[in-house]
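In what follows, a structure is listed as structure tokens, so that the remarks can point back to it.
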Amino acid sequence: MPGKSRMIQSGLMLALILALTGLDWSYGAAAADQTPDQAMRSFIDAMVRKDKSAVLDFFSPTSPWQYIGYEIGSNKVVANKMITYQMMAKDFANRKGWYSFFFDEPNGYTFRVNFRPGEMWNKKGRNTFVYPQSGSGNTYVTWRPEGGKWVITKIGETGP
């Protein structure tokens, strides 16, 4: 029965192809970003959608990222912290800390207000993007390549 054998092989090949195309595309979208521009667009989209797992995927699981907070008006650095992926994942799960920074509804000011559908941030240098309405240029995201994708290495924010 050579015909039946060929049909089974074809069916198995089709099942394999369908299984491979059904992989988790939320990670795949970030991993597919080949330039920092594409990564920033994907990050903006994830922030607009409030997609917690997609946002987390833009950070390195092995290297911390740096948060720098600037005082409005003086541009003085008021916060300089290193944050690990593990800290963020825990805060996201508990809906506190860095979860609040990225996803809480604005109550005066939160980082999330800087993200609007379809609005790209201005590029400054090779891997840094500045929020278009940031007069000081102190609200920014800096990227670096890691393991075949772009990850956030620094976030600057001007706040009250």
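Readers should treat all values here as calculations from the given coordinates under stated rules, not as data from a laboratory. Note that the structure is predicted; figures quoted are calculated from it, not measured. Here Cβ is always computed from backbone atoms with ideal geometry, including for glycine, and neighbour counts include all displayed protein chains.
Values as computed for the structure displayed
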| quantity | calculated |
| --- | --- |
| Sequence-distant lysines (8 or more away, or on other chains) whose Cα lies within less than 22 Å of Lys76 | Lys124, Lys154 |
| Residues with amide H under 5 Å from that of Tyr70, placed H, sequence gap 5 or more | Val78, Glu157, Thr158, Gly159 |
| Cα-derived Rg to Rh of segment 59-113, Kirkwood definition | 1.01 |
| In order through segment 60-68: 3J(HN,Hα) via Karplus (6.51 cos²θ - 1.76 cosθ + 1.60), integer Hz, x for Gly, Pro | 6, x, 10, 10, x, 10, 10, 10, 10 |
| In sequence order, calculated HN-Hα J values of segment 95-101 (Karplus, 6.51, -1.76, 1.60; Hz; x Gly/Pro) | 6, 8, x, 5, 4, 4, 4 |
| Neighbourhood charge, 12 Å Cβ-Cβ cut-off, centred on Gln66 and excluding it, Lys, Arg +1 and Asp, Glu -1 | +2 |
| Karplus-derived HN-Hα couplings along segment 115-123 (A = 6.51, B = -1.76, C = 1.60, θ = phi - 60°), whole Hz, x at Gly and Pro | 10, 10, x, x, 9, 7, 7, 7, 7 |
